[in-house]
Amino acid sequence: MEEQWKQTLYLYVDQINRGRVEPQTELRHTTVSDPRFLMEQGERSRRLSEWYNARGIKALRGETGVKVLRVVRQTPSEVIAEISLHSALFYEKGGITHREDAVNSERLTLVREIDGWDIAVVERAVPERHAVRRPSVESYGREYNGDNEPIPLPQPLLNRSILGGITGNREVLYNREAAAAYADRWWQEGNPEFETFAVDCTNYVSQCLFAGGAPINYTGKRETGWWYKGYTGKQEWWSFSWTVSDSLQRYLSTGRSSGLRAEVVERPEQLMLGDVIQYDWDGNGQFQHSTIVTALDAGGMPLVNAHTVSSRHRYWDYRDSYAWNDKTVYRFFHIHDYL
């Protein structure tokens, strides 16, 4: 039975891969009967086709691998499985071949029919839409002993294996290549020196900025500064600006005379390696996703890396994301050369 339903799974993955390379191509056979999925996939195919044309790219080929993360339920007539899809798209622009990668998670419900297995429900996680929740104000940067007195906090983690122990208040040159190299090294997994969050995009971008030489601004208060110290016992110690997209957006938007600084620019083509893009999916002023620029395409447009949905050299506007819609607003941050 297992081999039979997995054959249907592999056919599904092949269809997803083909649809990425040749959007709006009519499939001769589909393994999916979920009407909501089929409607959304039709709209997505139309959007991808228009997107490719607007960018002036030609999709060359795709490679999509699948990993079964967990079989939630398995009976002779039904299988519910959580899967991970690693998709690589190769495309040509300006005579140069580019590659982008993304890892998405799905939950499939397969049912047994007379002539084989069918995918009745496709559920896709869209974690980019969910910001990290912030603790209450009472817990900001404080830990108390039995006498209700603040316990002195250990010094912040300086991650010396990355920065070679560079600290202090002197102005430093932001190393864009180092930030991008770190982003490429850890795009698909978390650096074990840091915590990994369920919604990890801003934590990952902060690490990349840190790897490029951005100095820690340690205040001991979670609502101020930009810092990471890990765990003290069972207590979390990092600033909201390190882990929460909207908090990082506000931190970068605030003018400072030293430390991690940035300026808002109007157009994505003004960005360089190591710069930051943030995404407000609903257009309501709350930014929910963060990415870092790690390459430029043949037309000089930024390609970005991200976590949560692990992505490498993805086109900056995210129109292929399940989180994107026509209300999406972007904020472009150019990190200062000297910090």
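Would you work out if region 1-109 is rounded, prolate or oblate? Take a ≥ b ≥ c from the square roots of the eigenvalues of the alpha-carbon gyration tensor; rounded if a/c is under 1.5, else prolate when a/b is larger than b/c, oblate otherwise. Prolate, since a/c reaches 1.5 and a/b exceeds b/c. Evaluated over the chain, the count of Lys pairs having alpha-carbon atoms less than 18 Å apart is 4 (only pairs 8 or more residues apart or interchain).
Computed from Cα positions, the angle between helix 35-55 and the longest principal axis of the chain comes to roughly 70 degrees.
Dipole magnitude for region 169-301: computed about the Cα centre from +1 point charges on Lys and Arg Cβ and -1 point charges on Asp and Glu Cβ, it is near 580 debye. The alpha-carbon atoms of the chain define a convex hull whose volume equals 157 cubic angstrom per residue. When the Cα positions of LEU60, THR109, SER45 are compared along the charge dipole of region 41-116, LEU60 comes out farthest toward the positive end, with charges on each C-beta of Lys, Arg, Asp and Glu. Rounded to the nearest 10 degrees, the angle from helix 201-211 to the longest Cα principal axis of the chain is 50 degrees. Collect residues whose amide H, placed 1.01 Å from N in the peptide plane, falls under 5 Å from the amide H of LEU303; neighbours closer than 5 in sequence don't count. So LEU303 has HN proximity to THR294, ALA295, LEU296, ASP297. The length gained on full extension between ARG47 and ALA59, counted as 0.36 nm times the residue separation minus their Cα-Cα distance, comes to 2.9 nm. Using just its DSSP H runs of length 4 or more, each adding -39500 (n - 2.57), the chain gives a mean residue ellipticity at 222 nm of -7000 deg cm²/dmol after division by all residues. Taking a Cβ cut-off of under 13 Å around HIS307, the surrounding Lys, Arg, Asp and Glu residues balance to a net charge of -3, with basic ones at +1 and acidic ones at -1.
Between the alpha-carbon centres of region 213-291 and region 295-339 there is a gap of 15 Å. Averaging over all projection directions, the Cα-based convex hull of region 270-330 occupies 4.1 nm² in the image plane. Compared with the dominant Cα axis of the chain, that is its longest principal axis, helix 2-21 is turned about 70°.
Only protein atoms count toward the accessible area here, which uses a 1.4 Å probe; on region 58-109, the carbon and sulfur part of that area reaches 48 percent.
The values are calculated or read from the model by the stated rules, or taken from the named source; none is laboratory data. In this text the structure is predicted, and so the values were computed from the model without any measurement. We place every Cβ from the backbone using ideal geometry, glycine too, and count neighbours over all the protein chains shown. When the accessible area is computed, the model is the full protein with side chains, heavy atoms only, and any ligands, DNA or RNA have been set aside. Shrake-Rupley method; radii C 1.70, N 1.55, O 1.52, S 1.80 Å.
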